[in-house]
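As structure tokens, the structure follows; a few thoughts come after it.
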Amino acid sequence: MTIDKNQLENELVKFYKQSDVPAHLQESVLYSLTAGGKRVRPVLFLELLEAFGVQLEKAHFQVAAALEMIHTGSLIHDDLPAMDDDNYRRGKLTNHVKFDEATAILAGDALFLDPYYVLASCDLPAEIVVALVRELSFASGSLGMVAGQVLDMEAEGKKLNLAEMERLHQLKTGRLLTFPFVAAGIVTEKSEKSIRQLRAIGELLGLAFQIRDDILDVTADFDDIGKTPGKDVLEEKSTYVSLLGLEGAKNELSKDLTEVKKLLTELSNFSGEEIFKLIDSLELK
Ligand code: GRG
């Protein structure tokens, strides 16, 4: 069974369609939320739930939406002049270019805070909601994505070794990609041991995703992927491609994706055809 993408899209925009949200903020947030993201993280979460035999309900789509809201906010802030200073993302003007810098900062702020309102309002048992709130904050705040972004800024002009790069990306990209795995374990009330297994799989997929991003940064036609070359390309920062070579990075990506699939098949009560397809779609030949 495939998930209802329309329901995900509806949940994602619903919060900002409320008349109490100021019109200018509404326009800016909705611009980025509907700018053509692949929805990898929320789709992974929903597919994982299905793979564990869960009948999807509105609350699950709300958790998925909360996750994509944080991701979108991080992209808006990442593109700001004080960060990557990018003019284009997903083939469209970045939020601060389309609107202005203050609006983009506030749109990001909204997208970092509103997910907790959405989570706290969804119809799931209170212990599950608390665990989800804790995990989403862990993934995105000073122990997760924000920490990774700080390490990334500090790495400018330096050559990192593989272990330092892995740490940086585990935080910057990996934590939020791990959330769907841990959250699926929380929602299905898995044992601590199973949640540890799910976290390890998510971390490996997070790493694979970053290797993929580094490969695309050097191989993709930027017009095709709709973004301008990142600072790592322009400033010759350490990337998986610079450390492993293009072929080495592609091999590492393929090896990690194969391992992710193997680890998933070892989970009990898991039947995830759609997840395997999604993981295969991340391969770069
Ligand atoms: C306060 C949560 C918070 C964050 C602020 C700016 C910042 C700190 C962190 C930046 C994090 C960042 C931009 C990581 C890059 C992750 C990455 C590989 C993004 C691309 O993800 P895709 O391919 O993008 O899923 P689409 O466009 O499909 O949504």
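Name the one entry in 46, 67, 30 that is over 20 Å from residue 176 (Cβ atoms), within 16 Å of the ligand (Cβ to nearest atom) and in a helix (DSSP H, G or I). Before the answer, list the steps.
Details: 46 fails: over 20 Å from residue 176 (Cβ atoms); 67 fails: over 20 Å from residue 176 (Cβ atoms).
The unique qualifying residue is 30.
I'd like to verify a number: residues in the range 49-60 that are of a type outside the set (Asp, Glu), part of a helix (DSSP H, G or I), in contact with an Asp or Glu (Cβ under 8 Å, 6 or more places away or on another chain) and farther than 15 Å from residue 136 by Cβ, how many?
Here is the first cut: in the range 49-60, the residues of a type outside the set (Asp, Glu) are 49, 51-56, 58-60.
Right, trim to part of a helix (DSSP H, G or I) and you get 49, 51, 58-60.
Now drop any that are not in contact with an Asp or Glu (Cβ under 8 Å, 6 or more places away or on another chain), which leaves 51, 58-59.
Still in the running and farther than 15 Å from residue 136 by Cβ: 51, 58.
Result for the range 49-60: 2.
Here is a check on your reading of the model: is residue 25 in a helix (DSSP H, G or I), away from the ligand (no atom under 16 Å from the Cβ) and surrounded by fewer than 24 Cβ atoms within 10 Å (Cβ to Cβ)?
Working: in a helix (DSSP H, G or I): yes; away from the ligand (no atom under 16 Å from the Cβ): yes; surrounded by fewer than 24 Cβ atoms within 10 Å (Cβ to Cβ): yes.
It is true that residue 25 is in a helix (DSSP H, G or I), away from the ligand (no atom under 16 Å from the Cβ) and surrounded by fewer than 24 Cβ atoms within 10 Å (Cβ to Cβ).
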Can you find, within the range 125-148, the residue that is farthest from residue 29 (Cα to Cα) among those that are surrounded by fewer than 18 Cβ atoms within 10 Å (Cβ to Cβ) and touching a Leu at 6+ places or on another chain (Cβ under 9 Å)?
143
The number of residues in the range 133-170 that are over 30 Å from residue 122 (Cα atoms) and either touching a Pro at 6+ places or on another chain (Cβ under 8 Å) or of a type in the set (Lys, Arg) (or both) is 3
Can you tell me which residue is nearest to residue 106 (Cα to Cα) among those in the range 73-88 that are near the ligand (Cβ under 7 Å from one of its atoms) and not small (Gly, Ala, Ser)?
77
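Here, each number is a calculation from the coordinates, and none is a lab measurement. Small disclaimer: the values here were computed from a predicted structure and weren't measured. Reconstructed Cβ throughout: ideal geometry from the backbone, glycine too, with neighbour counts over all protein chains shown.
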